[in-house]
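K.L.:
Take this structure first; my questions come after.
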Amino acid sequence: MAYNLPPALSDFLVIAEISNGQIANKLFHKKFSQVTPEYGQHIALMAKLDEGVYGLASYLHIWFDGSIGLIGGGCSDGDIIQRLPEPQRRLINEHGGLLRQTLLFTFDRFAEQTQAFFGHCGDTRAKEVDLAAGFEETEDPNVLVKWSNLGLDSSDKYALFEQALALGAF
């Protein structure tokens, strides 16, 4: 079954995989001083601002190297969030924030094609959200993992971890 936003959020938020990350270029540049990657998959979470008007509230990028999914570029737009009514902002916080929603969607959407998801995170607050969404810490302080294939033995896990490390920051 596909991940659905919690009912309390689905009245004013929409999440989807999109074919082109250019919609997030402004937000991505604001957060990372880069444009969105042209490869991989892009997850967009849109917030209803007015009748028929939506704004990009959160974005996440994922790409694949063999059987691992590499997640990066997770960010949210505080300006869009502040435009929402206070009760909606409270609901977002009660459900762990927008980045958490994009992560849960991504874990569900791509679970069958990966053995593990890896995230590269250097931001303390983002790491808290990542861990709450299901990532686990690794021996590298900036690399997190979420195992999709729970049947992997420790040597398989180590090999996938080394594969992710070999790719550098993602």
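K.L.:
What are the residues in the stretch 64-101 that are buried (at least 17 other Cβ atoms within 10 Å of the Cβ) and part of a strand (DSSP E or B), if any?
P.N.:
Those that are buried (at least 17 other Cβ atoms within 10 Å of the Cβ) and part of a strand (DSSP E or B): Ile68, Gly69, Leu70, Ile71, Gly72, Gly73, Gly74, Cys75, Ser76.
K.L.:
Among the residues of the stretch 31-63 satisfying the criterion of being charged (D, E, K, R) and not in a strand (DSSP E or B), which is modelled with the lowest pLDDT? Working first, answer last.
P.N.:
First, pick out the residues of the stretch 31-63 that are charged (D, E, K, R): 31, 38, 48, 50-51.
Then keep just the ones that are not in a strand (DSSP E or B); that gives 31, 38, 51.
Values: Lys31: 91, Glu38: 92, Glu51: 84.
Looking at residues that are charged (D, E, K, R) and not in a strand (DSSP E or B), I get Glu51.
K.L.:
Something else about it: List every residue pair whose Cβ atoms sit under 9 Å apart, with the two residues 6 or more apart in sequence or on different chains, where the first one lies in the stretch 33-50 and is under 13 Å from Cys75 (Cα atoms) and the second, anywhere, is of a type in the set (Asp, Glu) and not in a loop (DSSP other than H, G, I, E, B).
P.N.:
His42/Glu17; Ile43/Glu17; Ala44/Glu17
K.L.:
Specify the residue that is modelled with the lowest pLDDT; the eligible residues are those in the stretch 114-160 that are hydrophobic (A, V, I, L, M, F, W, C) and more than 19 Å from the chain's Cα centre (by Cα).
P.N.:
Only one residue tops the list, namely Leu150.
K.L.:
Here is a list: Phe28, Phe105. Which entry is outside any strand (DSSP E or B), out of contact with any Asp or Glu (no Cβ under 7 Å at 6 or more places or on another chain) and touching a residue at least 60 places away in the same chain (Cβ under 8 Å)?
P.N.:
Phe105
K.L.:
For the stretch 148-170, which residues satisfy the criterion of being part of a loop (DSSP other than H, G, I, E, B) and either among the small types (Gly, Ala, Ser) or without any contact (Cβ under 8 Å) to a residue 24 or more places away in the chain (or both)?
P.N.:
The answer is Ser148, Leu150, Gly151, Asp153, Gly168, Ala169.
K.L.:
Also, quick follow-up: Of all residues being closer than 17 Å to Ile71 by Cβ and β-branched (Val, Ile, Thr) in the stretch 27-49, which is nearest to the chain's Cα centre (by Cα)? Just the residue, please.
P.N.:
This residue is Ile43.
The values are calculated or read from the model by the stated rules, or taken from the named source; none is laboratory data. Please read all numbers here as calculations on a predicted model, not as lab measurements. When we count neighbours, we look across all protein chains shown, and the Cβ atoms used for this are built from the backbone with ideal geometry, even at glycine.
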